[in-house]
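Enquirer: This structure is in structure tokens; I'll ask about it shortly.
Just so it is clear, none of the values below were taken in a lab; they were calculated from the coordinates. What you are looking at is a predicted structure, and each value in this text was computed from that prediction instead of being measured. Quick reminder, even Gly has a Cβ in these numbers, built from the backbone with ideal geometry, and neighbours come from all protein chains shown.
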Amino acid sequence: MFLPIIAQAPTVQELFRPQEVRPLPGRLNQVPLFNSNSPELVFTEGILLSTFPPQGMQNPQAHLNYQFHGEFAVFLHHLADSIGAKDDRTFYLGFIVGNPGKRPATVTVRQAASFLTRPDAGFITLPDLVPNPLGWVYSGPGSRLTDFLLRGGRQDLGLTSLTIPPGTERVLLNQPIPTQKVGVTRNARSVVLRLYADQPVYAASLGLFATLEPDGTETPPSLQRWQNILRQGNLAGPRDLAPTPLDVPPGQFRYGRVSGVALGTRWQANLTDPAQNTLAIPAPGRAISYGISLLVRGRMGTGQDQTAPMLVRYPDTAYRSHGNYIVQYSLTLPLVNRRSATQRVVVGLESPLKTDVNEGGLRFWQPPARQIFFRGTVRVRYIDDTGLPRVRDSHLVLQRGQKAEPLVTMNIAPGQKRLVQVSLLYPPDATPPQMLTILTEPNSGNE
């Protein structure tokens, strides 16, 4: 008789690393971001996000009355589900721009990228750290999208600029989210546009099913259909669960999904010691960490909330842009070794256990939880141990409670300065916060 072998769940050990945790210097820029991410899962046709004025609209509560002028960005992420919608037709994601002025308005597309889960960027299991020099390593549309943008990529989505006559609207994006046609019942599309408007304009993201012709073929929605849903439609559904007010006492808390205009698309900073222009590496066996995408109830004891404020939003959506999705972090670390011996220094990104208070260090799990909290490319520019400039792109997967993966390791001589630059776009399927950590390995120098 053979007894069945029962797999034992690994024993989880909580690890505490005493260290310094610092707020991230710098701040978000002032570029508005049209952020359409609620409802994430869409069953019905309707308005996803409209900044058009409410006057003359059949459902005025669906319009937030905000104009874009100059530089602005667009982030769209939505899922279509043919079973939930009870409709096998292809669902289309539209982005239209309206000109309320008396002169033509031109919107220039400076950068554009759009990926589907299927067939463009399916979720696959990857090692924690994989070299990614060519951008061929990704898992999911958020991972591929942010890698593509980090490299300065630009897709041809049909238009490089769009001129809108006075008092009219034009379609800038009309993209399918296929389900049955690619052999799935649920699919997602992620889009980022970096735009410039030479006159004030309004914008809206909308959802419509394809028109089914008598011969069974499908045609994309026309400009007239997009205009009709803008003026006569209501908010698309089903609605996501409403967020918890930010100032409630500790307890159950829901951040909510974002739908509105957030303020900020880039965070640039020099990471230095107070009143210095360099950052001294920690003592052997010690670390210094800076928060990435810190947020309410996850400020890691720094008191810093990095999330973008919402200029306009729907009442049942997030109070702030929690997660700072597709915000680009560009961080410079002018490291210096002020010790008397060469030190081995690691720079990495990690996902410690979230806290809002100063605990004197960071907590981790060994092994980390199965939930993936970060999945995307991180670029490091640095001077290597031979004095040569290097660029290292790595695809990083972090699970909840996971210690830093080494993005770069350097041997820094006494008195030597070493410049390191870390760049990433915060991936749409990540869960904040993360920590950028500078760690000096124990016993790396004999002093």
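Enquirer: Tell me the Kirkwood radius of the stretch 156-230: reciprocal of the mean inverse pair distance over distinct alpha-carbon atoms, in Å.
Expert: The Cα-based Kirkwood calculation yields 14.8 Å.
Enquirer: Then there is this: Hey, what did the stretch 1-97 get for relative contact order, percent, Cα under 8 Å, at least 6 apart?
Expert: The normalised contact order for the stretch 1-97 reaches 28 percent.
Enquirer: Moving on. Any idea what Rg and Dmax come out to for the stretch 39-232 if you just take the C-alpha atoms, in Å?
Expert: Cα only, the stretch 39-232: 17.5, 55 Å (Rg, Dmax).
Enquirer: Starting from the amide H of L294, placed 1.01 Å from N in the peptide plane, find each other amide H under 5 Å away whose residue is 5 or more places distant or on another chain.
Expert: Q306
Enquirer: Could I ask something else about it? Restricting things to alpha carbons, find the Rg to Rh ratio for the stretch 388-427 using the Kirkwood radius for Rh.
Expert: Rounded to two decimals, Rg/Rh equals 1.02.
Enquirer: Calculate the dipole size of the stretch 39-232 relative to its Cα centre from +1 charges on Lys and Arg beta carbons and -1 charges on Asp and Glu beta carbons; express the result in debye to the nearest 20.
Expert: In total the dipole reaches around 380 debye.
Enquirer: What are the ³J(HN,Hα) couplings of the stretch 132-142, residue after residue, when phi is run through the Karplus curve with 6.51, -1.76, 1.60 and θ = phi - 60°? Round to Hz, x for glycine and proline.
Expert: Once θ is set to phi - 60°, the couplings for the stretch 132-142 become 9, x, 10, x, 8, 9, 6, 8, x, x, x Hz.
Enquirer: Gap in Å between the Cα centre of the stretch 229-300 and the Cα centre of the stretch 356-403?
Expert: The stretch 356-403 and the stretch 229-300 have Cα centres separated by 18 Å.
Enquirer: Using θ = phi - 60° and the Karplus form 6.51 cos²θ - 1.76 cosθ + 1.60, what ³J(HN,Hα) does each residue of the stretch 298-307 get, whole Hz, x for Gly and Pro?
Expert: x, 8, 6, x, 8, x, 9, 10, 8, 5
Enquirer: Go from 0 up to the bin containing the longest alpha carbon distance in the stretch 124-262, width 10 Å each, and give me the % of pairs per bin.
Expert: 7, 25, 33, 25, 9, 1
Enquirer: Students often forget the sequence filter, so: which lysines lie under 24 Å Cα-Cα from K181 once same-chain residues fewer than 8 apart are removed?
Expert: Qualifying lysines at Cα under 24 Å: K86.
Enquirer: For the chain, what mean projected area does the convex hull of the alpha carbons give, in nm²?
Expert: 28.1
Enquirer: Also, quick follow-up: What lysines sit close enough to K403 to cross-link, taking a C-alpha to C-alpha distance under 25 Å and skipping anything fewer than 8 places away on the same chain?
Expert: Candidates past the 8-residue exclusion: K354.
Enquirer: Out of residues 5 or more away from H322 or on other chains, whose amide H comes under 5 Å of its own, with H placed 1.01 Å from N in the peptide plane?
Expert: none
Enquirer: In whole Hz, what ³J(HN,Hα) sequence does the stretch 375-381 give by Karplus (6.51, -1.76, 1.60; θ = phi - 60°), x for Gly and Pro?
Expert: Taking θ as phi minus 60°, the curve returns 8, x, 8, 10, 9, 10, 9 Hz for the stretch 375-381.
Enquirer: Can you return the aspartates and glutamates within cross-link range of K417? Criterion is Cα-Cα under 13 Å, with same-chain partners fewer than 8 residues away left out.
Expert: In chain and number order, the partners are D384, D385.
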